[in-house]
Amino acid sequence: MEEYQKLSLIDPQRVANLPTPDKLFLFLSCTGSIEYPGTERAVRIVGEKLGIEFIESVDQTCCTGYMLTCNAVNPQLALASTSRNLSIPQEMGLDVGVFCNGCYGYLRELAHLLHSNPAFKEVGDKANQALGREKFHGHTKIYHVQELWFRQLEKLTSLVKRPLTGLKIAAHYGCHYLANKDVAIDDAQYPTFHEEIYKALGATPVVYKERRACCGYSVGRGFTHREETVLPHITNKMLSAATAGVQLMTTTCPGCNTALDREQKTITARGNAVSIPVIDLSQLIAFALGAPVEQLGFKANTTPVLPVLERFIK
Amino acid sequence: MKREQASDWSIEFENAIATSGLADDIRRCISCGKCTGVCPVAAISPSYNPRQIIREVLLGNYERIVQSEEIWRCFWCANCAATCPSEIKYPLLMLYIRYFSMSHGAGKKHVDPFIRFVTKARQEAVTFQPGKPARLDEIRELRSSLGLAPLRIVSDKGIKEYQKLFEITGTDEWLKNYQETPEVPIDLSYLEGKILVPDDSNSGSEREV
Ligand code: SF4
Ligand code: SF4
């Protein structure tokens with residue numbers, strides 16, 4: 001399946017413009033911390049190998065994007081908490097690294113709204129003022145770690161300790177990264193940079209029909225419309241991956257990972273047996289770079305991961 | 001039961017969206033239908049049609065939208081926005097349409113399930129922290145084995161500041177209003193997107209328009 005390469009729409013200029021920082025603020029994800037803590041660990045491991053030190057803050061709260069997009073709070077709360085959360089790295093003089101597509105998309109969109117609409121900016125500024133914090137000026141840059149990994153792909157390649165030869169891996173990009181058309185390093189409809197990463201790790205990328213289909217879980221539809229739309233949608237997606245012979249799938253969002261990993265149990269129980277382990281891209285990279293497998297937290301997964309990775313562990 | 005009438009349409013709907021600051025100028029929509037073509041929800045549930053929803057908003061058919069079941073189906077995947085030739089950020093429009101619908105007392109059943117997350121997030125400044133002790137123990141054990149803090153805990157300072165945000169942004173007030181507003185009964189009823197009106201010749205049943 002090398003066909004996909006011919007269509008590569010990766011933007012080399014945008015990739016080149018990405019930094020190779022030695023220090024970043026790590027924005028913690030609620031879903032990540034609870035559902036798949038191994039992802040956070042893996043992000044730190046890969047960061048360490050690339051010489052990136054991640055600094056976190058116990059003052060950082062939930063990004064509030066999920067509650068906003070479920071219409072369960074008013075927009076002002078999400079604007080104010082974005083302004084407040086981003087004032088923390090601003091005070092430290094650091095840019096932000098995010099490992100959840102949700103946090104990434106919400107932070108960027110809300111930061112954009114804050115700076116394109118004076119009324120919204122006032123909401124944010126007033127909030128920070130009331131809390132005795134400095135105004136958020138909007139110069140802090142927000143990166144998803146997946147793009148920082150891609151930026152240093154050559155270095156990553158040179159650090160591979162467990163080449164994943166013969167492993168058939170497929171991507172789930174997740175919508176809330178690709179939707180950022182103005183900065184995303186790849187095309188929203190036909191992205192290929194995750195496949196490039198798999199190849200660098202020695203694996204075989206697999207393209208499946210529903211590759212670009214979303215996980216169905218954002219804005220809470222997994223709670224309100226699970227039977228009606230979400231399950232039929234995820235079933236289509238995972239069956240199309242199974243048909244293509246996918247052995248492992250990666251995500252870049254703990255929310256997507258929850259949907260695609262955990263729902264396989266129900267899909268199987270309803271007569272469509274499917275068992276494709278779903279892990280975070282950072283976990284995959286950390287594994288290929290030789291991280292001890294116990295450090296990657298695969299115990300948290302519903303669909304067992306070790307059966308496909310075992311043969312690479314010496 | 002009420003039947004939809006063009007005389008009820010109102011430009012106020014479009015104006016309200018324009019002044020929300022959330023959605024772009026949807027008059028740029030050229031009705032090309034690309035959004036609907038790439039929409040995963042439309043693929044499963046054809047009565048959900050983003051192009052049609054934009055048309056209804058532009059026509060001012062707000063009662064139809066306010067009471068619609070379809071508006072709650074959007075996955076917010078932004079496939080539509082990625083493909084839209086007029087650069088319309090449809091998900092933001094949908095976010096606002098849902099608020100608009102709620103302000104008319106509709107859609108509560110699609111929002112109610114999330115209020116408990118908000119209540120908990122207000123206490124902990126983290127969303128989704130489970131309440132069940134057994135599940136919490138599981139998470140503690142796994143996180144500790146990875147060298148992470150046993151639970152993701154926001155500092156007291158962080159929590160206090162977060163709660164203050166609920167106060168000063170009017171969110172506490174907003175939640176109170178939300179909880180006190182009863183769900184308004186829908187007077188247009190739907191069968192997969194088709195509007196039903198009472199059938200006079202056969203009282204008690206309904207027929208499609
Ligand atoms: S893709 Fe854009 S311009 Fe075309 S119908 Fe949809 S919203 Fe309108
Ligand atoms: S964001 Fe909503 S309308 Fe747009 S493609 Fe996704 S599900 Fe369809």
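Results, tabulated for the structure shown:
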| quantity | calculated |
| --- | --- |
| Proximal lysines to A:LYS237, defined as alpha-carbon separation beneath 27 angstrom and excluding residues fewer than eight positions away on the same chain | A:LYS6, A:LYS168, A:LYS181, A:LYS199, A:LYS209, A:LYS265, A:LYS299, B:LYS34, B:LYS89 |
| Over 19 Å between alpha carbons, listed pairs A:LYS161/A:LYS314; B:LYS108/B:LYS164; A:LYS23/A:LYS141 | B:LYS108/B:LYS164 |
| Helix axis angle, A:37-49 relative to chain A longest principal axis, alpha carbon, degrees | 90 degrees |
| 3J(HN,Hα) from dihedral phi, region A:266-276, Karplus parametrisation 6.51/-1.76/1.60, rounded to Hz, x for glycine, proline | 5, 4, 5, 4, 8, x, 10, 4, 9, 9, 10 |
| Vicinal HN-Hα couplings computed from phi for region B:92-99 (Karplus, 6.51 cos²θ - 1.76 cosθ + 1.60; Hz; Gly/Pro x) | 5, 4, 5, 4, 5, 4, 5, 4 |
| Neighbourhood net charge (10 Å Cβ-Cβ; Lys/Arg +1, Asp/Glu -1) for B:TYR178 | -1 |
| Sequence-distant residues sharing a close amide H with A:ALA170 (under 5 Å, placed H) | A:VAL206, A:GLN247, A:LEU248, A:MET249, A:THR250 |
| Cross-link partners of B:LYS157 among lysines (Cα-Cα below 24 Å; sequence separation of 8 or more within a chain) | A:LYS121, A:LYS126, A:LYS135, B:LYS120 |
| Inter-chain shielding of B:123-134 (mean C-beta neighbours from other protein chains, 10 Å cut-off) | 4 |
| A:THR303 long-range amide H proximity, modeled H, under 5 Å | A:VAL278 |
| C-alpha center-to-center spacing [region A:102-141, region A:183-201] in angstrom | 30 Å |
| ³J(HN,Hα), Karplus 6.51/-1.76/1.60, whole Hz, each residue of region A:129-139, x for Gly, Pro | 4, 4, 8, x, 9, 6, 4, 7, 8, x, 8 |
| Peptides B:76-85, A:201-210 ordered by average Cβ neighbours within 10 Å, highest first | B:76-85, A:201-210 |
| Residues whose placed amide H lies under 5 Å from that of A:LYS141, excluding near-sequence neighbours | A:VAL96 |
| Rounded to 10°, Cα long-axis angle of helix A:231-243 versus longest principal axis of chain A | 40 degrees |
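Taken together, the values in this text are just the output of simple stated rules run on the coordinates, not laboratory data. As the structure is a computational prediction, the values presented were derived from the model and not from experiment. Cβ: placed from backbone, ideal geometry, glycine included. Neighbour counts: every protein chain shown.
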